[in-house]
1. Between R317 and A232, what length in nm is gained on full extension when 0.36 nm per residue of separation is reduced by their alpha carbon distance?
2. Calculate one ³J(HN,Hα) per residue across region 201-213 by plugging θ = phi - 60° into the Karplus curve 6.51 cos²θ - 1.76 cosθ + 1.60, and present them in order as whole Hz with x for glycine and proline.
3. Evaluate the relative contact order of region 13-158 (contact order divided by residue number), counting alpha-carbon pairs under 8 angstrom at least 6 apart; express in whole percent.
4. If you count the DSSP beta bridges with both ends in the chain, what percent of them are antiparallel, to the nearest 5?
5. Give me Rg over Rh for the chain, both radii from the alpha carbons and Rh done the Kirkwood way, two decimal places.
6. Which value, in Å², gives the accessible area per residue of the chain when a 1.4 Å probe is used on the protein heavy atoms?
7. Relative contact order for the chain using alpha-carbon pairs under 8 Å, separation at least 6, rounded to a whole percent?
8. Kindly provide the helix-only [θ] at 222 nm of the chain, computed as the sum of -39,500 (n - 2.57) over DSSP H runs of four or more divided by all residues, to the nearest 500 deg cm²/dmol?
Amino acid sequence: MSMRGAARRCQPERGRMAKYTPGMRYILSLDQGTTSSRAILFDREGAIAAVAQKEFRQIFPRPGWVEHDPQEIWATQFAVAAEAVTRGQASPSDIAAIGITNQRETTVVWDRETGAPVCNAIVWQDRRTAEFCDRLKAEGHEELVRSRTGLVIDAYFSGSKLAWILEHVPGARERAEAGRLAFGTVDSWLVWKLTGGKAHVTDVSNASRTMLFNIHTLSWDEDLLRLLGVPASLLPEVRSSSEVYGRTSPALGGGDWPIAGMAGDQQAALFGQMCVSPGLTKNTYGTGCFLLQNTGTQPVPSANRLVTTVGWQVGGRTEYALEGSVFIGGAVVQWLRDGLRFFDRSPEVEPLAATVPDNGGVYLVPAFAGLGAPHWDPYARGLLIGLTRGTTSGHIARAALESIAYQVNDLLEAVHGDSGIPMRELRVDGGASTNDALMQFQADLLGVPVVRPAVTETTALGAAYLAGLAVGFWGSIEELARHWKADRRFEPAMARSDAEHLRVRWREAVARAKGWIPAGGGA
């Protein structure tokens with residue numbers, strides 16, 4: 001692949017299966033994450049044939065603000081796609097389709113004519129719209145938003161970020177109302193770029209994270225658009241999670257490949273983990289932690305401040321999930337590495353934590369961007385408590401790792417309270433799931449087995465599965481389920497009384513971290 005020539009626009013192929021021949025060997029999965037862009041080639045067995053990854057800049061203009069450069073997102077994603085194809089020694093004719101999975105609520109607005117973003121992308125972690133969301137709640141709109149979207153009103157979701165751009169970027173509202181701008185989450189941005197600006201689409205899973213989408217009618221909600229002041233002309237067309245949305249532009253210098261699968265990263269991971277029956281649950285340990293439980297074809301409202309979200313739509317069947325989100329999961333290890341300089345490489349956190357037998361009474365609440373589910377406190381901030389003269393860097397590293405497991409435990413307790421389904425096991429994936437000590441501690445806290453699959457890149461795998469189903473690379477979900485294999489099961493080993501003591505102390509630490517920043521008092 002090379003970047004050359006002017007973009008020739010290609011026609012989307014909605015409802016029409018792309019031509020697939022048995023000689024095609026791979027699905028190319030584009031996994032656009034919060035801190036890096038990755039591309040992975042998967043073969044017919046769902047095994048990884050090649051992978052490439054590149055980090056990009058994290059931009060922090062003010063405390064509580066987090067931005068990305070959309071052009072850098074595109075450049076890194078394009079580069080790793082080319083690199084993965086080269087590493088896999090694949091020819092253009094070997095690629096059956098492209099699947100896309102992405103950081104979900106991150107918001108991009110660009111000019112339809114020039115393709116230039118009007119500002120940096122506002123990242124899902126960004127809290128600049130917290131006060132705006134407070135006003136919406138104070139005005140009594142929370143029930144409307146929850147009943148239509150399944151979401152709570154929070155700065156986490158895309159709608160308030162889009163409203164902020166329209167109000168604060170000079171000329172943005174006027175251009176939007178004239179139909180000159182396009183909005184999308186990162187999936188839409190990538191498809192736009194890949195198709196040379198022809199396709200402006202999203203799928204139901206990404207749309208369900210905007211706070212603008214009715215998860216019952218599966219359409220943009222006019223009342224919510226009016227509430228947030230969003231012109232409908234900005235919005236992408238909503239499609240299923242497994243169909244051909246368009247083909248890659250020849251101007252990119254690669255093959256004429258169908259883009260055929262798309263899902264937000266956490267829904268893609270749920271699908272990649274083959275949690276395709278009600279009650280099956282996964283947790284992804286990435287920059288944040290994201291726990292989803294499949295609830296079947298009916299949305300389950302939450303009484304425990306979780307969100308009800310669309311899982312995916314395949315073959316006309318829409319499945320839903322309950323979700324809890326932790327804002328700072330694996331990112332706490334990056335903070336130890338880059339902020340405190342405890343080590344040079346993230347994997348070094350495990351041996352450092354192993355230098356002490358326990359946390360020594362130290363608890364770290366990584367509320368650097370507020371607290372997500374089930375607390376939803378944008379005014380919480382990070383807290384390190386329990387320090388003594390005997391505290392070492394090992395204790396702090398251990399407390400950081402344990403904070404990830406505690407937050408996941410909080411989510412699972414809330415999910416169980418909503419669904420009422422006893423958990424038999426937790427399927428795990430994401431970068432931190434390779435940390436054996438963390439997975440064992442997670443099993444000890446939960447009291448149920450934690451199961452790590454043989455392929456932990458389940459986010460990218462889910463996108464590949466969705467694309468492969470659309471073009472006939474795989475024949476059915478049942479065929480895919482036969483590919484799923486466990487790598488290791490972590491069985492609970494801690495006494496339940498000890499686990500409960502730790503959980504109680506954790507809850508006390510969380511209570512002290514809440515509400516640290518007064519509303520309107522700055523971050």
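The values are calculated or read from the model by the stated rules, or taken from the named source; none is laboratory data. Computed from a predicted structure; not experimentally measured. Neighbour counts are summed over all protein chains in view; Cβ atoms, including those assigned to glycine, are modelled from backbone coordinates with ideal geometry. Protein only, heavy atoms only, side chains kept; ligands, DNA and RNA dropped before computing areas. Shrake-Rupley method; radii C 1.70, N 1.55, O 1.52, S 1.80 Å.
1. 28.0 nm
2. Each residue's phi maps through the Karplus curve to give 9, 9, 10, 4, 5, 5, 4, 5, 9, 8, 6, 10, 10 Hz.
3. Once divided by the residue count of region 13-158, the mean separation gives 23 percent.
4. 70 percent
5. In the chain, Rg relative to Rh is 0.95.
6. 37 Å²
7. 16 percent.
8. -9500 deg cm²/dmol
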